[in-house]
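What follows is a set of notes on a single structure, which appears directly below.
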Amino acid sequence: MSELDRSNSSSSLAEVAVVLLSKFPAAGKVKTRLTPAISPDQAAGVHRCFLLHMARRINRLGAAELIVCFDPPDARAAMNDLLADCGKVSLEAQVGGDLGWRIAHVIATVGRSHRRVLVLAVDSPDVPTAHLSNCAAATADTQFVLGLADDGGYWCLGVRAEIDAAALLHAGIEWSTDRTAEHTLANARHLGYSNSAGNSWDDVDQPQDLRKLVARLEQSTDAEDRELHGELCRLLPVDFLRPAVAK
């Protein structure tokens, strides 16, 4: 990333709180759709790599505050230890209920201190900095912005704190389907919120998604991408990686 890009992205995020939604990376509890192509321990390692990579990236980009919204609630101490080398991180436990309830609650909580909030998962670790910057910048003038994912969901959600996140996210959304983004945008329009769609990117759910990511990282000239590529190659079995790195 050039110094100009870094400066622009930092200015875009300087007034935006960034929430990372993440489970604690315990085997059998995260990235379960990557098994049996890789083991539960390796899948947890992938999730751990993604979480740490995203936390370091967000802090380097100068967000107003980084909040990791974690699950399960009793993992606070373990999550704090895990993130110790990632810079300043606030921790907020996830509440019960579906994804809509969890996102709405953390938006309401963080919105007491910040006028603009960007909510991300950790499943799109190489999302371009320009995409993050654009979604963050859009919240200056737009009440609601989605960064769309290729599977019909979204890799980020940006809001202004004045919206009613519960009304937006508690009803009418089929989570984890190819209509999740469509339903969320429909709710925003029904509520009369100004809205926009940010740049699209993909996320990692299935083994083929992870292979695609590794192949993309291998071709990248970005230092952060290359660092993540090395971490994943050290973690993943050679037989799993071969389709991604074959010449």
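Using a cut-off of 11 Å between beta-carbons, work out the net charge of the residues near Ile38 (Lys and Arg +1, Asp and Glu -1, Ile38 not included). Walk me through the numbers on the way to the answer.
Numbers: positive: Lys31, Arg33, Arg211; negative: Asp41, Asp239.
Value of the local net charge: +1.
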Subject >> Proximal charge balance of His53 [Cβ under 13 Å; K/R count +1, D/E count -1] >> reply: -3
**OP:** Collect residues whose amide H, placed 1.01 Å from N in the peptide plane, falls under 5 Å from the amide H of Lys29; neighbours closer than 5 in sequence don't count.
**Re:** none
Original post:
Picking from Arg234, Arg179, Arg48, which is most flexible by a Gaussian network model of the chain using Cα springs under 10 Å?
Top reply: Arg234
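Using only the Cα atoms, work out Rg/Rh for region 46-189, with Rh taken as the Kirkwood radius, to two decimals.
Values: Rg = 14.6 Å, Rh = 15.7 Å.
Using Cα coordinates only, the ratio equals 0.93.
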Original post:
For region 1-125, treating each Cα as an identical point scatterer without solvent, what Debye log10 I(q)/I(0) comes out at q = 0.10, 0.15, 0.16 1/Å?
Top reply: -0.32, -0.71, -0.79
**OP:** Taking the Cα centre of the chain as origin, work out the dipole magnitude from +1 charges on Lys and Arg Cβ and -1 charges on Asp and Glu Cβ, in debye rounded to 20.
**Re:** 240 debye
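How much of the DSSP beta bridge set in the chain is antiparallel, as a percent to the nearest 5? Don't skip to the answer; put the middle values down first.
On the way: 10 of 30 bridges.
Percentage antiparallel, nearest 5: 35.
Kirkwood-based Rg over Rh for region 104-247 (C-alpha set), two decimals? Intermediate values should be presented prior to the final figure.
Working: Rg = 17.1 Å, Rh = 16.5 Å.
Using Cα coordinates only, the ratio equals 1.04.
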Original post:
What area, in nm² and to one decimal, does the C-alpha convex hull of the chain cast on average over all directions?
Top reply: 12.5 nm²
**OP:** Express the accessible area of region 65-142 per residue in Å², computed with a 1.4 Å probe while the remaining protein chains stay in the model.
**Re:** 42 Å²
**OP:** Determine, from the Cβ-Cβ distance of Asn80 and Trp101 and an R0 of 25 Å, the FRET efficiency 1/(1 + (r/R0)^6), rounded to the nearest 0.05.
**Re:** 0.55
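As a test of understanding, state the convex hull volume per residue of region 137-203 from its alpha carbons, in Å³. All intermediate terms of the calculation are to be shown ahead of the outcome.
On the way: hull volume 5.0 nm³, N = 67.
Hull volume normalised by residue count: 74 Å³.
Ignoring everything except DSSP H segments at least 4 long, calculate the 222 nm mean residue ellipticity for the chain; use -39,500 (n - 2.57) per segment, divide by total residues, nearest 500. Provide the component values of the computation, followed by the final result.
Values: 10 runs with 111 residues, N = 247.
Mean residue ellipticity at 222 nm (helix-derived): -13500 deg cm²/dmol.
The values are calculated or read from the model by the stated rules, or taken from the named source; none is laboratory data. What you see is a predicted model; the values in this text were computed from it and never measured. Cβ sites come from the backbone with ideal geometry, for glycine too, and all protein chains shown count toward neighbours. Only protein heavy atoms, including side chains, enter the accessible area calculation; ligands, DNA and RNA are left aside. Shrake-Rupley method; radii C 1.70, N 1.55, O 1.52, S 1.80 Å.
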